[in-house]
Every structure is written in structure tokens, then in C-alpha cells.
1. GLY219 - would you say it is more than 20 Å from VAL120 (Cβ to Cβ) and assigned to a loop (DSSP other than H, G, I, E, B)?
2. Are any residues in the range 224-262 hydroxyl-bearing (Ser, Thr, Tyr) and within 13 Å of THR209 (Cα to Cα), and if so, which ones?
3. Going through the range 44-82 one residue at a time, which ones are of a type in the set (Gly, Ala, Ser), assigned to a loop (DSSP other than H, G, I, E, B) and under 30 Å from the mean Cα position of the chain (by Cα)?
4. With (1) at pLDDT 95 or above; (2) basic (Lys, Arg); (3) assigned to a loop (DSSP other than H, G, I, E, B) as the list, and LYS31 as the residue in question, which single condition is left unmet?
5. In this structure, does ASN232 turn out to be more than 19 Å from VAL191 (Cβ to Cβ) and either modelled with pLDDT under 95 or surrounded by 13 or more Cβ atoms within 10 Å (Cβ to Cβ) (or both)?
6. Being within 17 Å of GLY58 (Cβ to Cβ), touching a strand residue (DSSP E or B) at 6+ places or on another chain (Cβ under 9 Å), in contact (Cβ under 8 Å) with a residue 40 or more places away in the chain and in the same structural domain as THR59 (by TED's automatic domain parsing) is the requirement here; does LEU108 meet it?
7. When you look at GLY171, is it at positive phi and either surrounded by 14 or more Cβ atoms within 10 Å (Cβ to Cβ) or modelled with pLDDT under 95 (or both), yes or no?
8. Tally time: how many residues in the range 135-168 are free of Cβ contacts under 8 Å to residues at least 40 places away in the same chain, of a type in the set (A, V, I, L, M) and surrounded by 13 or more Cβ atoms within 10 Å (Cβ to Cβ)?
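The values are calculated or read from the model by the stated rules, or taken from the named source; none is laboratory data. All values reported here derive from a predicted model rather than from experimental measurement. Here the Cβ positions follow ideal geometry from the backbone for every residue, glycine too, while neighbour counts run over all protein chains shown.
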Amino acid sequence: MIVRNLKIIISLALALSFLIYASCSSNDEPKPVDCSLSDLSITLGSKVDPTSCSTNNGTITASASGGATPYQFKLNSGSYGSGSTFTDLSSGTYSVFVKDNNGCEKELSGITLSSPAAPVAGTPVIANQTDCSNPNGSITANVSGGTPPYQYKLGDGAFGTTATFTGLKAGSYTITIKDGVNCNLTVNSTVVSATGISYATDIAPILQTNCIKSGCHNGDNGAQRNWSVFANVQNNAIAIKTRTGNRSMPQDIAPAGLPQAQIDMIACWVDEGAKNN
């Protein structure tokens, strides 16, 4: 009898254990979430456009609802985080994603931030240098669009309201234009030398007096250095401009160098193509 009762007790215990296990398995383990049926949604809370075409200060704020909190957000292909506001943005089109605690995701695409339009450069008005001793070239910038008023600067100078720069020698110049919301553009321009400096009348006498002499450029140091031959002078025109300009030539009067008016004439002649005129 005792053995029979013991078997019954063991059988009941096993049955009870199975029922407890089955109950825990069906009720305590989380069921998989079907994200296609999730009510998770994401909306645009607000956006702020960049204030200038040269600044990245736009913002986007998203808002989520439904699904299972807490939410995480990311911008484009970035990493998920708890913040729903994204800052320091430039103009462009963005997408914001939300992921809930169940791992379900939703996307808000086509969020566009727009910067103010940048100014547009037109063809500048250029006056060539016609006076070698007193440079009189000029450049007048031509700009439209953007957000007036405009400011202008030449090279590394300071910004000002004047679009015309005067007293320029022949050469290349860069004008930077800044509009009312600090959108910048640069314009590269060239002032051409048109002074009419003559080799025969203006340059040859300078060389004859200061350079074509014994031990210098009269051929003593080789035929190619004989500056009484025009072709030799023309082939070395840029070097002559550079060295007379920095007063290292003629060597026998360095560092004082030539008078400034003669240095200017040599530079003008070279800038105009070192012609045999």
C-alpha cells in the first residue's frame, strides 16, 4: 500500500511540475513583435534653416509616438542616440529615423534645409594700366543676387562698401564680395599693361648705361649674356624685371638699384610682352 501511494504522489508531483513549466513558458517569455503592425510613428517637430550660405547652424527636431518607449533617433546614416534634435546643419535634404524599445524603426525623409541664395558675380569692369609711372588701372566688381548690401575687399585688404579699386598696376587681383548675411564669393581679374613703353626708346638706353659694360653683359661672360643683342634680353626679360625690381641688379649699384621710374619702365615693358618696339 505504501509503495502504491508513493507512486501516486510521484505521478502527481510530475504532473504539477509540467503544468507549472507550461504555464511559465506560455506567459512569462516575451512574444516576438511584428513591427509591420506597430503604431510607431515619427513626425517633424521643427526645423531652422541656416542663416547664411557659409554657416552650418541649421537644426531639425523630430517627435515620435506609439510603439514602445524609450525611443532612439538618428540623422541619415549616423548612430542612434537619445536626442531628437540635430544641430549644426548646412543646407540640404535629410532623413531622421526613430527606433523604439522593440527594435521597430520608422523613417521621416525629405526634410529640406535651405540657405539664403549666394550672390552671383558678373563680369567686372576693368581699366588697363596706361601710365607706367603712376599706375591707373582699375577694377569694378559686378554682383547681383544674394542678400544686399554688399561689401568688397581687394586681396588681403579690409572690407568696404566701394566696388571699384583704383591705382592698380598691371597684374592679377582677387576681389572678395560679402553680402548682408555673410555669403562670400571671389572674383579673379587681370589688369593689363598698356603703357606703350618702347624697347628702343625707353629700355635699351637703361641697359646700355647700366648693364652693357665691361665684365657685365657686354659678352665678356659668354655670347648669350651679351645684352646688346635683343634676343638675349628678350629671353631673360622676366629675370631682368625680377632682379631690377628687388634691386639686386645691376650688381655694381646694389642694393640701391636703379631709380624707381626706370624699374617701373622695365616692368611695364616686360608685362606688355617684352616687344622689340
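1. On the way: more than 20 Å from VAL120 (Cβ to Cβ): yes; assigned to a loop (DSSP other than H, G, I, E, B): yes.
Judged against the criteria, GLY219 is a match.
2. Taking the range 224-262 and keeping what is hydroxyl-bearing (Ser, Thr, Tyr), we get 228, 242, 244, 248.
Passing the criteria: only SER228.
3. Step one: filter the range 44-82 for residues of a type in the set (Gly, Ala, Ser), giving 45-46, 52, 54, 58, 62-68, 77-79, 81-82.
From what's left, assigned to a loop (DSSP other than H, G, I, E, B): 52, 54, 66-68, 77-79, 82.
The answer is SER52, SER54, SER77, GLY78, SER79.
4. (1)
5. On the way: more than 19 Å from VAL191 (Cβ to Cβ): yes; either modelled with pLDDT under 95 or surrounded by 13 or more Cβ atoms within 10 Å (Cβ to Cβ) (or both): yes.
Judged against the criteria, ASN232 is a match.
6. On the way: within 17 Å of GLY58 (Cβ to Cβ): yes; touching a strand residue (DSSP E or B) at 6+ places or on another chain (Cβ under 9 Å): yes; in contact (Cβ under 8 Å) with a residue 40 or more places away in the chain: yes; in the same structural domain as THR59 (by TED's automatic domain parsing): yes.
Yes; evaluated as a whole, the condition is true for this residue.
7. Numbers: at positive phi: yes; either surrounded by 14 or more Cβ atoms within 10 Å (Cβ to Cβ) or modelled with pLDDT under 95 (or both): yes.
So GLY171 fits the description; yes.
8. So the count comes out to 3.
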